Every structure is written in C-alpha cells, then in structure tokens.
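Q: The following block contains the structure, expressed as structure tokens.
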Amino acid sequence: MSVPLAILGDTPADHVAGLERLRGPVTVVRRCAEPADLLAVCESGLAEVALIADAVDDLPGHLLERMTASGIPVLALTADRERAAWLSTLGVRVLPPAITTADLAAAVLTAAANPPERTGRSTAGSGASEPVDTSESPGRPGLSDVRTSSDPRGPSDPHGPTDLHGPVVSSPGPEADAETGGMSDASDGGSGEGNAAGRSGHDGVRGATRAGTTGGSRDQPGDEIRDEARDEPGVVIAVWGPTGAPGRSTIAVNLAAELASDLGTAYLVDVDTYGSSTAVMLGLLDETAPVAQACRLADQGLLDVAGLHRVAADVVVGGGRLRALTGITRPDRWPEVRPSALSSVIDLCRATARATVIDCGFCLEADEELSFDTVAPRRNGATLRALEKADIVIAVGGADAIGLPRLVKGIAELAEAVPTATPVVAVNRVRRESVGRGSRQQIRAAWERYGPELPIAALLPADPAADAALLGGTVLRESAPGSALRAGIRSLVPSLLGCEAAERVRPAWFRRSRTTGRATALEPDGV
C-alpha cells in the first residue's frame, strides 16, 4: 500500500519528481506553498507523512509541534546543524538534503510505520496540538534530582541523525557575555542600597529602561557580575494563586530579587496574560514585552543565550543580576505567548541560571469550548505550561474569610489541572483586622481542619513596606531591607531551593525585652 505524502517546497534535486517516478511505495498527494497548508492537509487525513523540503528557516515551531503531537510524522531536509538540533527537539526527523530518492522513500515508509506518539489534549489547555512536556520523570523530581541532572536540555530525540545533532543550548561564555551585556555598574559595591541607578536599558527592550535612568554600558571582561556556565540545570519556581489572591507578583518579584542577589543571576518571567505587573514593580517602562519577544524567537527556532539576554531587561540587585522577561503590555496580546514557545524559553532559562521565578496568572481553565480546534491558541495555556515546567509551585492565598477558602479550592483545581505540580503554601497579608487576634494561630488551625494535607510554609504579614516599594519601583531588599515582609519572603529561599543559608533579617516585630534582655517575637501590627 502506498503512503500518501505532503511536501512543503522542493530542493534542487527535485525529490518530488523522483518519488513520483518510483510509482509505488510513496505517493505525493499535495505540494504545499505555506506551512499552514501542510498542517491542514495532514490534519485532514489526506497525507500520512509530511516532508519539509525547503524554507526550514521560516517554519513556526508551534505548527511543527502541533503536527508531531497529533501523531503526524514530519521529515525535514537540512544540512544546518543548529536548525537540525532545533527541529529534533520538536520531534521532526532530519535528513540530509543530498539523500537519494530511494533512501528518502525508505525514510518515509519508516516514519509512517513508526509515527510519533499522539499526546492528545494537553493539560496546558492548548488543544490536542500542544504536547505535554514529558522530559521530567512521572513524579515531579525533588530538588536533588533537579540539581544533579547531567543534561539541562532533556532527552534527545531518538529519530534525528546523530551526525547532525548539535547542542541545543550552549553555555554563555565570555564572548556571549560581552556581546549581550547592557548592565550598568552597581553602585556602592553592589550593596543593595541605592542601586536604583544600576538598572539599565537593553538593546532588545529599548523602552524597558528604569524611569529616570540612562542606559548602561556593555559588560567588560573584568565585570564581576557574570553568568555562570551551567553544567547542571537550575530550579524553576512558579508563583501562582487563585483569583483575588493578593501579592502574587510582589512575592515573585522579591523572591527573584533575593535569588539574584544570593546566586549572582536569576530570571524573572511574567506569563500572566490577564494583568502583567512586574515591569511596574521593577520601575521599568512597560512599552515592550520581553516575554513575547523571547517566545517569538523560540517559535522561529532562533532563541539562544545571546538572544535571550538581548531581549531581557537587566536589573542590578544587591550585587546580582536579575534578568526580567516582563509580561505583555496589553491583555489582548496573549496569543503571542504560546505554550510551545514558552517551553523553550523556560528550558533555556533553566539551563543558564540557577534559579528562574515565573509569575503566573490565576486561571486554570482549559478552554473546553475550543477543545476540538487543534490550531486555536489558549489564553491560559501559558500559565498551565509554566506550572507543568516548574519544579516548585508557590500557591499564594489571602488571609481572610474569602482568600483561604479560595486557596483550598484552588489547590484542588491545581492538582487536577497539573498533577505534577508540587505546591508550597504561602498565606499573604496576615493581619488582625481580617482574622482577629492571634491570627496566625487561627489561620493554622483553620488550615489543619479544612485545608489539604500541606503545611503552610509562610505567613506573610500585611506590611506597608510593600506600598512604599511599589511607589518607588524598587524591591524590598532595596527599599525596606529590615521589613517583616522581606523576612518572610526571604525565609523561602533556603527551605525551597537548598541554596546557602539566607542572611538573617530581623523582622519589625522582633523586639528585645527591656526587663529580661531576651529577644521576644511579637505579632506585627497587633496580628
């Protein structure tokens, strides 16, 4: 039986005519001019195998991933090692352009006999066309597993030819660092105080400069702040909360700032497609959307370390570098943050930094009304894909009669939508006015009685320092280093990441008794 084949373009060797002359094993049913035409022909069932003969550089990654996720074998002819490596990560089988017609026909027959596994509908709400990331083990790996993995890129595709496979991600060396700098000198030795002038613009994000500052100079070889060559993958932390959960972005921004200060470099990625706010919190002009730019590069197969650094906005915090991929500037731009492209962005962040913090949206709905449309993007797909890729999920809820029940129900919805998620509970804006006296004990008692079998990792107080930091466009480490809220957020660093012990910050409610001289913990603001 002949295998129907759809071809995009052709090569100087005229493989189409050669396959037609064979008159048997392979039948060319359609020659397509656009990638979308190739997708339509294959998904309609007219062709069992797709062959990309040319225009490999112009292929959108999300279309290729849709085809392979739908169980359609895709072959591509290219001699470019970088493009071959990128195509292999999408499940495309790469062949050399000089392949003979007989060998090409044999490859088509082999592909038809061994199609890619159909992933079905993704939990990321992106339709049957968006595959679930299966590079992780069935159980979400612990921190030790994440830090000891030998290959930050994940498993390689077994189908691509080994002689064409190049590294998907190369660690940033001095050349890439000098090329992709843009960070101004940290003031006062990078102590974390007065670093507002240390934020700089970036070539790829021309509008994302700190208000009232000028662009910084390029990094020089002697700069102390430099990305490390990552031989092992970093940890990805997603900050999520149900609708109305207060302080998701505040926790994400300040946690990323603490990690950047401790580890030297950290990423902050904003994938909230409803109300992005990280740019404002960092004092950046939100005229661009670095996360959308990075996803666009990833969709074209052009995202590398230099490109990621070029589009990210640099923020200097406490002698460390925070690379911020701030979110979309308008909610109607959500189709630009596709789950398939976002996966590549997160993987590259994981491979080039020890920690990546993702600010997620609240909604976990999978858009069931579009479940039969394999092409339409999903607004919540970015959040769900980020939760899938995360090693740790910080679930944030409010400390009141509305926020706690929402958090309890939200964690149940999270477990259903993303079974691999590992939530860490943080209750925010703890105050006496909303719960009563002894609010911390009351919250813990209510959680033990009605909540899931998860401990509360942090009870974060309602601290006016958060308002002052937002007004100044700074992080708590700069504006209020001794605040109770910063102490609570910073306490998550050693417990979640296993990094070096956090600097002890005495919170505002920590007082020393005048009579006994002993330190006593008091509830902040009468909590």
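Q: Which residue, of Pro242, Pro290, Pro221, Pro233, is surrounded by 23 or more Cβ atoms within 10 Å (Cβ to Cβ) and modelled with pLDDT under 90? Even if it seems obvious, please write down each step before you answer.
A: Numbers: Pro242 fails: modelled with pLDDT under 90; Pro290 fails: modelled with pLDDT under 90; Pro221 fails: surrounded by 23 or more Cβ atoms within 10 Å (Cβ to Cβ).
From the options Pro242, Pro290, Pro221, Pro233, the qualifying one is Pro233.
Q: Regarding Gly24, is this residue part of a loop (DSSP other than H, G, I, E, B), out of contact with any helix residue (DSSP H, G or I) (no Cβ under 7 Å at 6 or more places or on another chain) and over 30 Å from Ala341 (Cβ atoms)?
A: Judged against the criteria, Gly24 is a match.
Quick grid of which residues meet (1) within 15 Å of the chain's Cα centre (by Cα); (2) more than 24 Å from Trp334 (Cβ to Cβ); (3) aromatic (Phe, Trp, Tyr):
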site: Val236; (1), (2), (3): yes, no, no
site: Gly244; (1), (2), (3): no, no, no
site: Glu258; (1), (2), (3): no, yes, no
site: Ser261; (1), (2), (3): no, yes, no
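Q: Any idea which of Ala412, Ala401, Ala421, Ala446 is small (Gly, Ala, Ser), touching a residue at least 12 places away in the same chain (Cβ under 8 Å), more than 23 Å from Leu485 (Cβ to Cβ) and out of contact with any helix residue (DSSP H, G or I) (no Cβ under 6 Å at 6 or more places or on another chain)?
A: Ala412
Q: Which of the following residues is crowded, with 24+ Cβ neighbours inside 10 Å and either outside any helix (DSSP H, G or I) or outside the structural domain of Val493 (by TED's automatic domain parsing) (or both): Leu308, Leu268, Leu342?
A: Values: Leu308 fails: either outside any helix (DSSP H, G or I) or outside the structural domain of Val493 (by TED's automatic domain parsing) (or both); Leu342 fails: either outside any helix (DSSP H, G or I) or outside the structural domain of Val493 (by TED's automatic domain parsing) (or both).
Result of the check over Leu308, Leu268, Leu342: Leu268.
Q: Can you name the number of the only condition in (1) more than 10 Å from Leu8 (Cβ to Cβ); (2) at pLDDT below 85; (3) not hydroxyl-bearing (Ser, Thr, Tyr) that Pro73 fails?
A: (2)
Q: A follow-up question, please. Does Leu322 fit the bill of being aliphatic (A, V, I, L, M), modelled with pLDDT of 95 or more and not in a helix (DSSP H, G or I)?
A: When the stated conditions are applied, Leu322 passes them.
Q: Quick one: Cys42 ticks every box in (1) under 17 Å from Asp299 (Cα atoms); (2) assigned to a helix (DSSP H, G or I); (3) not aliphatic (A, V, I, L, M) except a single one, so which number is it?
A: Here Cys42 meets the rest and fails (1).
Q: Looking only at segment 358-366, decide whether some residue is in a strand (DSSP E or B) and under 24 Å from Ala421 (Cβ atoms).
A: yes
Q: Looking at the structure I just gave you, is Leu387 surrounded by fewer than 22 Cβ atoms within 10 Å (Cβ to Cβ) and on the phi < 0 side of the Ramachandran plot?
A: no
The values are calculated or read from the model by the stated rules, or taken from the named source; none is laboratory data. Note that the structure is a prediction, hence the values are computed from the model and not measured. Because the Cβ atoms are built from the backbone with ideal geometry, glycine has one as well, and the counts that use them run over all protein chains shown.
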